[in-house]
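In what follows, a structure is listed as structure tokens, so that the remarks can point back to it.
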Amino acid sequence: MKVAIRGIGVVGGFGSGLPALEKALDGRRIAPTDISIPTREGAILVPCLTADTGPLADYIPTRVLRRMDHYIRLGLLAAFGAMTEAGILDKSRRGRLGIIVATGSGATGNNYNFQHPYEDMEEICGSPIRFSNSVHNAAAAYISIALAEMGPNHSITHDDLSFPAALMTAVTWLQQRRVDAVLVGGVDALSHAHAYAWHAHRQARRVVKNLREAQKQIPMAGEGACFFVLKATGTDSATCPVIRETALGRICKGPLPRPMGDYYILGEGGLAATRADYGKWLLPGARATCYAHVYGDMAIDSAFDTAIAALSLRNNRIYAAGSVSQPVQERELLADRSVVCLKLGVGNTFGWTLFD
Amino acid sequence: MNRVAIAGVGCICALGATTDDCMQALYAGERNFGLPSRFPSHCSTSQPVFEVPDRFLDPWPFPRTLPRTCRMTLIATEQAMAQAHLETGDLAQQRVGVSLGTNIGVTAGYETGQAETVSFLLPRDRFLATNPTCLVAATLDLSGPQQTVANACSAGSDAIGIAAAWITTGTCDAVIAGGTDELTPRVYNGFKSLFINDDHPCRPFDRDRKGLNLGEGAAVFLLASEAFCRSRQIDPLGYFLGYGAAADAQHFTQPRSDGLGLRLAIDEALTTAGLAHDQVCFVNAHGTGTPGNDLLESQVIADLFPGKPFLSTKGYTGHALGAAGPIEAVLTLGCLSRGSLPATAGYTIPDPQLPAHPVAVQTAVQGTIAVTQTLAFGGSNSVLVIGSKGCLP
């Protein structure tokens with residue numbers, strides 16, 4: 001089934017909104033933030049691409065926001081952005097809306113905040129707000145509450161494949177006519193656990209490679225959210241980017257179920273260990289790009305890749321990116337060529353999206 | 001659209017180590033609760049839980065180093081496969097998906113870890129080693145889609161709903177679907193912080209009910225197209241006829257007082273099944289034992305299913321979070337097959353504020369179709385319509 005992208009909302013280390021993302025794609029430098037992580041050997045500083053949710057105050061009163069943590073706010077800001085662009089923020093204009101949120105780490109940060117006092121034996125009762133916000137569907141729930149939307153509400157946590165799985169479910173819902181539109185997206189907030197694991201992994205790689213090489217190959221840890229409003233294609237969606245097909249599965253013996261694309265956006269996150277694996281998926285003569293340097297390393301990176309693919313189709317150009325085989329070195333016209341977002345995930349899994 | 005057959009089921013929870021054990025214990029009225037045995041509580045009072053005893057897990061050949069959530073899932077999966085007369089390798093490299101709901105199975109093993117002691121593994125590697133969906137797909141060498149649903153307590157029911165859609169739309173020939181969750185200190189202390197636990201064995205729909213008891217377990221369905229069943233000479237145990245879901249969109253931890261989200265979910269489930277309310281012979285309620293949940297469910301059941309018998313099985317299993325919906329779906333199918341409902345454990349004194357009351361004693365039911373409903377944190381409501389073997393015309 002063909003599905004039209006009617007609205008996009010983004011927030012990340014590059015800023016919030018599509019103009020900020022486009023500027024970053026055009027080469028605007030993104031300044032990292034040093035996150036201080038307490039360890040038994042003392043605090044360490046880890047540079048990360050962090051996201052500011054200040055613009056959320058344009059949609060929700062600060063008083064209402066006080067019980068919502070960073071993970072929830074990221075999701076809300078991107079969701080409002082997508083709904084606004086699709087012109088359906090007003091409930092009377094949207095019909096039955098389904099909400100699907102993909103998240104790799106979910107509310108891991110809040111999970112720690114709740115359980116640490118118990119582990120340290122410092123207090124006998126924890127905060128009920130922290131506990132309820134430590135449930136992974138917190139972002140999806142608060143989005144439904146903020147939009148007063150009673151349609152089906154779904155959270156998917158499947159690490160790297162969370163967003164491709166969410167997208168496939170969104171298309172299935174539209175195919176089944178369960179809903180008139182789907183608000184689907186990904187959100188991941190940096191936690192100490194994630195930042196520390198990223199730091200440790202990079203340190204380990206420095207043992208075998210020099211620092212410059214390691215930094216070049218591994219983008220900084222990132223956070224953010226990226227949402228889409230999807231509808232079945234119709235007469236009023238002629239100018240919208242269109243998803244022609246989605247696929248999700250696990251690689252077994254036999255030929256790879258490769259999509260027929262001209263341009264591939266690879267969700268490789270800059271990790272050299274997976275580069276050869278991605279190379280097997282490219283058709284001869286196909287071009288490949290990777291944009292992890294723009295949004296950072298995070299599990300829901302393919303949501304951002306999907307937004308970049310949609311921007312490319314809207315603007316009829318492919319944004320420059322390096323470090324992959326046959327890279328796009330500078331902006332190229334897209335013409336009528338097809339775009340594929342490809343993500344290889346944990347456990348030999350894959351997900352791809354083919355755009356018209 | 002393909003019909004969704006139930007080719008096999010597996011279940012492990014406080015009631016029993018297998019589906020048959022669970023059904024026998026259910027009708028025998030067994031309630032296997034106690035104080036948490038695997039972790040201390042730092043609060044001044046302790047509340048009963050429904051743990052899965054180690055003796056249920058130990059006979060199975062799955063590594064004890066795996067998280068409990070994963071071991072229970074693999075056990076339930078193997079039971080479901082065996083019931084369909086399938087060996088571990090029989091589905092290898094086939095268009096078979098995995099859709100599981102869990103809350104603990106998506107925390108990448110961090111539940112008992114601390115930031116400064118996290119290993120050098122990337123989160124994605126930790127996820128791979130601790131996620132039940134990945135383990136099932138790898139163990140059976142499946143090539144279909146995988147999805148881990150984290151919709152709090154309705155996660156398992158929603159995972160089954162998604163799995164059924166994969167079959168009806170032709171995405172998969174079969175799907176391993178269900179839910180799993182284990183008891184952890186965070187969950188135990190978290191529910192304490194909300195003051196919604198009962199310090200006695202829970203009393204769903206009872207006048208003196210004070211809250212829920214936590215539980216744990218896993219339940220797995222092997223769902224399949226009828227063509228898949230025919231080609232393997234599998235006689236279906238029953239059918240998944242419909243699924244509906246709706247959000248309350250009102251409060252994060254309290255159910256919507258007018259029950260509108262639940263009503264919408266029931267309507268969608270019955271509409272997709274092409275059934276009317278009066279074709280349902282009983283309802284397996286979420287029935288946690290909290291004052292708010294039981295009041296609204298009683299009101300909705302009285303309005304939409306007047307005079308129909310209903311029950312809660314939480315008094316036998318505790319609230320197994322993401323596994324709750326699938327465990328109750330297994331028990332619902334078992335009750336349909338037997339043509340009777342067990343007593344609602346813990347329910348003795350009718351609450352005059354409730355317009356409808358659950359079955360207090362074992363009760364015969366006539367019919368082939370039942371509804372099981374799940375409510376969750378975040379205001380998620382999920383409803384499954386299940387038919388027994390004889391439900392098709």
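The values are calculated or read from the model by the stated rules, or taken from the named source; none is laboratory data. Owing to the predicted nature of the structure, the values given are computational and were not obtained by experimental measurement. Here the Cβ positions follow ideal geometry from the backbone for every residue, glycine too, while neighbour counts run over all protein chains shown.
Summary table
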read-out: Residue in the stretch A:158-165 that is crowded, with 24+ Cβ neighbours inside 10 Å, within 30 Å of B:F39 (Cα to Cα), at the interface with chain B (Cβ under 7 Å from one of its Cβ atoms) and at pLDDT 80 or above present; value: yes
read-out: Every residue from the stretch A:41-93 that is closer than 21 Å to A:P219 by Cβ and either in contact with a strand residue (DSSP E or B) (Cβ under 9 Å, 6 or more places away or on another chain) or polar (S, T, N, Q) (or both); value: A:I44, A:L45, A:V46, A:P47, A:C48, A:L49, A:T50, A:A51, A:D52, A:Y71, A:L74, A:A78
read-out: Residues of the stretch A:187-203 classified as over 29 Å from A:I100 (Cβ atoms) and at the interface with chain B (Cβ under 9 Å from one of its Cβ atoms), total; value: 4
read-out: Restricting the stretch A:288-339 to residues that are basic (K, R) and touching an Asp or Glu at 6+ places or on another chain (Cβ under 7 Å), the residue that is modelled with the highest pLDDT; value: A:R317
read-out: Elements of type strands (runs of 3 or more DSSP E) contained in the stretch A:1-66, each with 1 or more residues being exposed (fewer than 15 other Cβ atoms within 10 Å of the Cβ); value: A:33-37, A:44-49
read-out: Extreme residue, nearest to B:L384 (Cα to Cα), among residues of the stretch B:192-248 that are within 14 Å of chain A (Cβ to nearest Cβ) and of a type in the set (S, T, Y); value: B:Y243
read-out: Some residue of the stretch B:213-222 being within 22 Å of the chain's Cα centre (by Cα), over 24 Å from B:S298 (Cα atoms) and among the acidic types (D, E); value: yes
read-out: B:L270 farther than 21 Å from B:G346 by Cα and assigned to a helix (DSSP H, G or I); value: yes
read-out: Number of the condition not met by B:A7 [criteria: (1) surrounded by fewer than 18 Cβ atoms within 10 Å (Cβ to Cβ); (2) at pLDDT 95 or above]; value: (1)
read-out: Which listed residue, of B:D158, B:D173, is surrounded by fewer than 23 Cβ atoms within 10 Å (Cβ to Cβ), at pLDDT 95 or above and closer than 30 Å to B:A82 by Cβ; value: B:D173
read-out: Residue match in the stretch B:137-151 (condition: modelled with pLDDT of 95 or more, assigned to a helix (DSSP H, G or I) and facing chain A (nearest Cβ under 7 Å)); value: yes
read-out: Candidate set: the stretch B:268-282, residues that are over 13 Å from B:Q373 (Cβ atoms) and aliphatic (A, V, I, L, M); chosen: the one nearest to the other protein chains (Cβ to nearest Cβ); value: B:A273
read-out: Filter result (within 11 Å of chain A (Cβ to nearest Cβ), within 21 Å of the chain's Cα centre (by Cα) and either at pLDDT below 95 or over 22 Å from B:G211 (Cα atoms) (or both)) within the stretch B:249-267; value: B:F252, B:T253, B:Q254, B:R263, B:L264, B:A265
